[in-house]
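Undergrad: Take this structure, written in C-alpha cells, and hold onto it; I'll ask about it next.
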Amino acid sequence: MAEKNPTHGRRAVPLDLPPSQVTILRGLLADWLADVRSDLTHPERMRNPGLARQEAEAFERLLPGVELGQVRVPDEAARAAIEAAANAYDEASEYAEIVAHHDALHGLVAALSEEAA
C-alpha cells in the first residue's frame, strides 16, 4: 500500500545561495558528517549518541539538498543541528571578537578618512 503522505508534510524550498556559499556549505557539511560518523564508531564514549545519530541523519539530508539548491522544510532536527554547528563554529573561530575588532578598526579608518577629507 502506498504511503499517504510520503513527504511527511514537508515541502521543498529553494536555497538562493551564491556558488561560493554552496561550496563552503558542502565542505562544512561533509566535514561535520565525517566527524559525527567517526564519533559514532564508539558510541559508548559519547554523552548522547542518539543526538549524534540525529545530527548525522540531518547532515545526510542537507548535503544533497545544498548541492541541488533546495531543502525540505520543516526539518527541526536539521535546523537544530545546523544551529548548534554554527554556534560552535562561531565560538571556535572567536567570531564575536573578530567582529568587534573589525568594527573598531574600520571605525578608526573611517574617522581618519574623514579627517583627511
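Undergrad: Could you look at segment 45-117 and say what percent of its accessible area is carbon and sulfur, using a 1.4 Å probe and all protein chains? Could you put the intermediate results ahead of the total?
TA: On the way: 3080 of 5380 Å².
Percent of accessible area from carbon and sulfur atoms in segment 45-117: 57.
Undergrad: Here is a further query. Just read off the accessible area of residue 22 with the full protein assembly in place, 1.4 Å probe, to the nearest 10 Å².
TA: 30
Undergrad: Moving on to the next point. Evaluate the charge dipole of the chain about its Cα centre and quote only its size in Debye, nearest 20, assuming +1 on the Cβ of each Lys and Arg and -1 on the Cβ of each Asp and Glu.
TA: Values: 11 positive and 20 negative charges, 170 e Å.
For the chain, the charge dipole is close to 820 debye.
Undergrad: While we're on this one: On a 0 to 90 degree scale, rounded to 10, what angle separates helix 49-68 from the longest Cα axis of the chain?
TA: Helix 49-68 sits at roughly 70 degrees to that axis.
Undergrad: Then there's this: Would you mind working out the accessible area per residue for segment 30-117, using a 1.4 Å probe, and quoting it in Å²?
TA: 73
Undergrad: Which one of 12, 29, 108 has its Cα pushed farthest toward the positive end of the charge dipole of the chain, where Lys and Arg give +1 and Asp and Glu give -1 at the Cβ?
TA: 12
Undergrad: Take residue 80 and residue 12, extend 7 Å from each Cα along the Cα→Cβ direction, and tell me the distance between the two endpoints in nm.
TA: A separation of 2.7 nm, rounded to one decimal place.
Undergrad: Working from the alpha-carbon coordinates of the chain, get Rg over Rh, Rh being the Kirkwood radius.
TA: Details: Rg = 19.9 Å, Rh = 17.2 Å.
Radius of gyration relative to Kirkwood radius: 1.16.
Undergrad: Any idea what Rg and Dmax come out to for segment 60-117 if you just take the C-alpha atoms, in Å?
TA: 18.9, 54
The values are calculated or read from the model by the stated rules, or taken from the named source; none is laboratory data. Keep in mind that this is a model prediction, so the values were computed, not measured. All Cβ positions, even for glycine, are placed from backbone atoms using ideal geometry, and neighbour counts span all protein chains on display. Note: areas computed on protein heavy atoms with side chains; ligands, DNA, RNA excluded. Shrake-Rupley method; radii C 1.70, N 1.55, O 1.52, S 1.80 Å.
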